[in-house]
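Remarks on the structure that follows.
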Amino acid sequence: MTSLRERLGLRLPLVLAPMAGGISTPALVAAVSEVGGLGSLGAAYLTPEQVRQAGAELHRLTSRPWAINLFAPQPVPQITLPQVQAAAAELAPFHAELGLPAPALPQTPEPDFAEQFAAALACRPAALSFTFGRLGAAHLAELRGRGILSIGTATGLEEVRQLTADGVDAVVVQGGAAGGHRGGWAHDEQAGTLALVRAARAVTHLPLLAAGGLMTRDDVAAALAAGAELAQCGTAFLLADEAGTSAPYRAALARGGETVLTRAFSGRPARGLKNAVTEGVAYPLPSPYQNALTRAMRAAAAQAGRPDFLSLWAGTGVGQVRPGPAAELARQLTAGL
Ligand SMILES: Cc1cc2nc3c(=O)[nH]c(=O)nc-3n(C[C@H](O)[C@H](O)[C@H](O)COP(=O)(O)O)c2cc1C
C-alpha cells in the first residue's frame, strides 16, 4: 500500500496543525509545505470568500501540497434566556475592565458548512482535514472524486473505528496534551499521545497522524515509532515568524505556565494557558454560542494587549515553544527522520 507520505509527496514526516482564528496564515502553511511537510490552513472561522482568497494566496506561494481544515457540521443546541443572562453576567466584569459595553449574544450566524466546503473544494487542496465530528458519505465521495485526501480527527478508539468505517483516508489521533479544541464527538479518552497512537494502530489499517505535545525531534521520532506515519504539530509553531499569533498571545506563550482544559471561551473543551477567563467562567453557553458571546472581548483584548482576556490555546509542551522561521522549526522537528 502506498504510504500517505508518498501519496502527498512529503519529504518530512510532519504536518503543521491547522490553527483556526488566523494563526495558520497562508505564509505559515506555505513555509511548512515548501520545506517538505504538509502545511494546513485552519479555515473553520473563515467566510467562503476568505477561504477562496486564502487558497488563491497559497497557490501563489507554493506548488507543494497543503491541506485545508474545517469543523464538521455540528448540531446546534437549544439555549434559554436565563442561561444567556448567567453567561453574560460572568463576562461583564471583563467587559468593564476593557471599556466595552455589557456582553450580548450577537445575531451573527456561524459559517455555513456547505458553502465553506464548496469553497474549500474550489481551492484544490491536496487534503481536507476535519475535526469535531464526521463527514457524510456524499462529502467524502466528493473529496475522493476530486483526488483530495480526507483526514478525520479522533480523541479515542471509538472515533477511530467510526472514521475507519466511514472510509476516510487517514486519521489524526489527538492525545490529551494537545493545544486547542478537543476534536472528538463520541468519547474523548484524553490519553497520552503515544499510548493512543499504539492503541489506534491496533484497531485501524489507516495511516495515523499523531497530535499532542510533540515539541522536539525526539517526540516526533517516538510518535513515528509508536505507529504514526506523520506528526501533526501545533504549539511548536505558535511563535513561528510567519504565524498570525498576536503580540499579547506571543508574550504569554514566551512566559509559559500551566495549561488547563476549559469551555470558558467557546463552550467546547480546549486546552490553553490558564488566565482570568479560564478561572472566572463557570457557566459558559454551549458551543457555538459561547464563542459568539466572547468574540467582542477577545478582539478588544488582542487590541489592548491584555492576554488575561484572550484564548491562549497551547498544549502541555508550551514550555518548549521556540521562536524562529517556520522552515527552521520544521527542520529541527524532523532532523534525520
Ligand atoms: C492555537 C491552536 C488552534 C487550533 N485550531 C485547530 C483547528 O482549527 N482545527 C483542528 O483540527 N485542530 C486545531 N488545533 C489542534 C491541532 O490540530 C492539534 O491537535 C494540536 O495542536 C496538537 O497538539 P500540540 O499543540 O501540543 O502540538 C489547534 C491547536 C492550537 C494550538
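Which members of the stretch 263-292 meet the condition of being without any contact (Cβ under 8 Å) to a residue 60 or more places away in the chain and open to solvent by 30 Å² or more (accessible area, probe 1.4 Å)? Across the stretch 263-292, the qualifying residues are R263, K274, E279.
Among the residues examined, L38 does not qualify as open to solvent by less than 10 Å² (accessible area, probe 1.4 Å), within 10 Å of the ligand (Cβ to nearest atom), touching a strand residue (DSSP E or B) at 6+ places or on another chain (Cβ under 6 Å) and within 28 Å of E110 (Cβ to Cβ). The residues listed here are V168, V203; of these, the one that is among the β-branched types (V, I, T) and within 15 Å of the ligand (Cβ to nearest atom) is V168. For first residues located in the stretch 295-323 and in contact (Cβ under 8 Å) with a residue 40 or more places away in the chain and under 11 Å from A252 (Cα atoms), partners that are hydroxyl-bearing (S, T, Y) and open to solvent by 30 Å² or more (accessible area, probe 1.4 Å) and lie 6+ apart or on another chain with Cβ distances below 8 Å form the pairs L310/S246.
Is it true that A236 is in contact (Cβ under 8 Å) with a residue 12 or more places away in the chain, open to solvent by 20 Å² or more (accessible area, probe 1.4 Å) and in a helix (DSSP H, G or I)? No; evaluated as a whole, the condition is false for this residue. Condition check: open to solvent by 60 Å² or more (accessible area, probe 1.4 Å) and among the acidic types (D, E). Does E90 satisfy that? In short, no. Every residue in the stretch 17-32 that is over 10 Å from the mean Cα position of the chain (by Cα), within 16 Å of the ligand (Cβ to nearest atom) and open to solvent by less than 10 Å² (accessible area, probe 1.4 Å), please. Matches in the stretch 17-32: L28, V29, V32.
Cβ separations smaller than 8 Å between residues 6+ apart or across chains give no pair from the stretch 239-254 residues that are free of Cβ contacts under 8 Å to residues at least 24 places away in the same chain and acidic (D, E) to residues that are crowded, with 17+ Cβ neighbours inside 10 Å and not in a loop (DSSP other than H, G, I, E, B). Test A44 against the criterion of being assigned to a loop (DSSP other than H, G, I, E, B), among the small types (G, A, S) and open to solvent by less than 30 Å² (accessible area, probe 1.4 Å), and give yes or no. Judged against the criteria, A44 is a match. Just give me the residues in the stretch 292-337 being within 14 Å of the ligand (Cβ to nearest atom), in contact with a Ser or Thr (Cβ under 7 Å, 6 or more places away or on another chain) and farther than 27 Å from A191 by Cα, in sequence order. Across the stretch 292-337, the qualifying residues are R298, A302. Only one entry of L98, L91, L105, L81 meets the criterion of being over 21 Å from the mean Cα position of the chain (by Cα) and either among the basic types (K, R) or at pLDDT below 95 (or both), and that entry is L105. Residues that are closer than 12 Å to G39 by Cα and outside any strand (DSSP E or B) were ranked within the stretch 64-84; the one that is most open to solvent (accessible area, probe 1.4 Å) is R64. Residues of the stretch 1-16 that are outside any helix (DSSP H, G or I) and either away from the ligand (no atom under 16 Å from the Cβ) or without any contact (Cβ under 8 Å) to a residue 40 or more places away in the chain (or both): M1, T2, S3, G9, L10, R11. Residues in the stretch 293-316 that are closer than 23 Å to G183 by Cα, open to solvent by 10 Å² or more (accessible area, probe 1.4 Å) and of a type outside the set (D, E, K, R): L310, S311, W313, T316. If you go through the stretch 97-111 and keep only what is open to solvent by 70 Å² or more (accessible area, probe 1.4 Å) and under 14 Å from R306 (Cα atoms), you end up with just E97.
The sole residue among A221, A199 that is more than 21 Å from G42 (Cα to Cα) and in contact (Cβ under 8 Å) with a residue 60 or more places away in the chain is A221. Among residues of the stretch 48-72 being among the β-branched types (V, I, T) and within 15 Å of the ligand (Cβ to nearest atom), the one that is nearest to the chain's Cα centre (by Cα) is I68. Just one residue in the set Q232, Q174 is among the polar types (S, T, N, Q), within 11 Å of the ligand (Cβ to nearest atom) and farther than 23 Å from S287 by Cα; that residue is Q232.
The values are calculated or read from the model by the stated rules, or taken from the named source; none is laboratory data. Please read these numbers as outputs of a predicted model, since none were measured by experiment. Reconstructed Cβ throughout: ideal geometry from the backbone, glycine too, with neighbour counts over all protein chains shown. Areas reflect the complete protein model, heavy atoms only, side chains present, ligands, DNA and RNA absent. Shrake-Rupley method; radii C 1.70, N 1.55, O 1.52, S 1.80 Å.
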